[in-house]
Amino acid sequence: MPEADLYLDLLKKALTASLYDESAGHASNRIKVNNEVVTLPPGVALVQYRPLDQMARAEGRDWPLFGFSMAGLRRMDNIQFCLDRILEDGVPGDLIETGVWRGGATIFMRGMLASRGVTDRTVWVADSFEGLPPPSAGDLAHGGKDPDHSQEAYLKVSLEQVQENFRRFGLLDGQVRFLKGWFRDTLPAAPIERLALLRLDGDLYSSTMDALGALYHKVSPGGFVIVDDYHAWEGCRKAVDEFRAAHGVAAPIVQVDWTAVYWRV
Ligand SMILES: C[S@@+](CC[C@H](N)C(=O)[O-])C[C@H]1O[C@@H](n2cnc3c(N)ncnc32)[C@H](O)[C@@H]1O
């Protein structure tokens, strides 16, 4: 394997916490004692240890304790596939993920640009950096049984923490720009000229629709749209299907794994 691909392989394993058994498990600061929920003091958590399930991690089916992305290895491979096609074919534009959690997928995008010697593209990192919003009326109408994760502390990762995560991988520099806030506020006014890769991972109907509405028209011909939650979140799938129908998008949807899909513009 060429050296650059060895780096990317290791980067994907590190970002998805696929290397160590210690990374498997789930931490909680709330435990049940005699049927009563007790909240542990700040800085104290109960960790339920499980041996690493390589298959679940590869498919992004579990939530890693220490990982920087919950997308899993197959979806990281998909980002690599799309970005290599973009670079080989000279498709103009930047890269964005809307919904980044700890930043892992965008750290991988920046690592790929570094490994391929690309200096003229920016990775945009868009998130509230305070977790998911409560489901709106539209989410409730379209989301069926989609869960409300707005109070889930595990999903709330601050801007400073995500920047620190980039820094730890040596990948925080001027080619990374952050858009902090709700998508409906940040994305329409974002100073992005053109995109080659639009990766949607905001789970909800409204988050998916807000991102598509603000950014899809900026994706260059030959660029890619990846939808992480297409099969996992009913509201997300409905937003994508509605948007494609309304805008006459006929490009075939390609399956990545059990939930993620992509199409080429
Ligand atoms: C499932 S996580 C993203 C996982 C991440 N892509 C990864 O690789 O692990 C969903 C993220 O979307 C963000 N999010 C969802 N809806 C949003 C909205 N409307 N505006 C801003 N951020 C949103 C949440 O804060 C959360 O970080």
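The values are calculated or read from the model by the stated rules, or taken from the named source; none is laboratory data. Just so it is clear, the structure is predicted and the values come from calculations on it, not from any experiment. Glycine gets a Cβ as well: all are built from the backbone with ideal geometry, and neighbour counts include every protein chain shown.
Summary of computed values
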item: Complete set of residues in the stretch 116-137 that are of a type outside the set (A, V, I, L, M) and touching a Ser or Thr at 6+ places or on another chain (Cβ under 7 Å); result: F129, G131, P133, P134, S136
item: Condition met for G25 (within 12 Å of the ligand (Cβ to nearest atom), on the phi > 0 side of the Ramachandran plot and either out of contact with any Ser or Thr (no Cβ under 6 Å at 6 or more places or on another chain) or of a type in the set (K, R) (or both)); result: no
item: Tabulated pairs, the stretch 197-209, first more than 12 Å from A105 (Cβ to Cβ), second of a type outside the set (G, A, S) and near the ligand (Cβ under 6 Å from one of its atoms), C-beta under 6 angstrom, 6+ apart or interchain; result: S207/F183
item: Residue selected from the stretch 222-251 under the condition under 17 Å from F81 (Cα atoms) and more than 16 Å from the chain's Cα centre (by Cα), by the criterion surrounded by the most Cβ atoms within 10 Å (Cβ to Cβ); result: G223
item: Residues of the stretch 186-224 that turn out to be more than 8 Å from the ligand (Cβ to nearest atom) and of a type in the set (D, E, K, R), as a count; result: 3
item: Within the stretch 208-218, considering residues that are in contact with a Lys or Arg (Cβ under 9 Å, 6 or more places away or on another chain) and closer than 12 Å to A126 by Cβ, the one surrounded by the fewest Cβ atoms within 10 Å (Cβ to Cβ); result: A214
item: A251, sole failed condition from (1) over 30 Å from S115 (Cβ atoms); (2) free of Cβ contacts under 8 Å to residues at least 24 places away in the same chain; (3) not in a helix (DSSP H, G or I); result: (1)
item: Test: A105 is of a type in the set (G, A, S), within 10 Å of the chain's Cα centre (by Cα) and either at pLDDT below 95 or within 15 Å of I192 (Cα to Cα) (or both); result: no
item: Criterion: within 14 Å of the ligand (Cβ to nearest atom), in a helix (DSSP H, G or I) and among the acidic types (D, E) - qualifying residue of D62, D148, D84, D139; result: D139
item: Hits in the stretch 35-88 - residues which are among the polar types (S, T, N, Q) and on the phi < 0 side of the Ramachandran plot; result: T39, Q48, Q54, S69, N78, Q80
